[in-house]
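What follows is a single structure, written as structure tokens, with notes after it.
No lab work stands behind these numbers, since they all come straight from the coordinates. Predicted model only: the values in this text are computed from it and were never measured. Virtual Cβ from ideal backbone geometry, glycine too; neighbours counted across all protein chains shown.
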């Protein structure tokens, strides 16, 4: 049973976009690895930008700087 965990920053991602991510990730495993889509599990974790860091700074700070 394949398990895919997608982590994204929590920034108003719509239900439709999440459904698209789930479909696309599932299809990728079908296409590349020949996995059964009926047993492929996909979870999406939304992380607050204050809890996601890049290059020693939070995403919140980097975005405020325009990076």
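Key figures for this structure:
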item: Sum of -39500 (n - 2.57) over DSSP H runs of 4+, divided by residues of the chain (222 nm, nearest 500); result: -11500 deg cm²/dmol
item: Neighbour-count ranking [beta-carbon atoms within 10 angstrom, fewest first] of 23, 62; result: 23, 62
item: Two-site label geometry, residue 15 and residue 33: point separation in nm, points 7 Å out along Cα→Cβ; result: 2.9
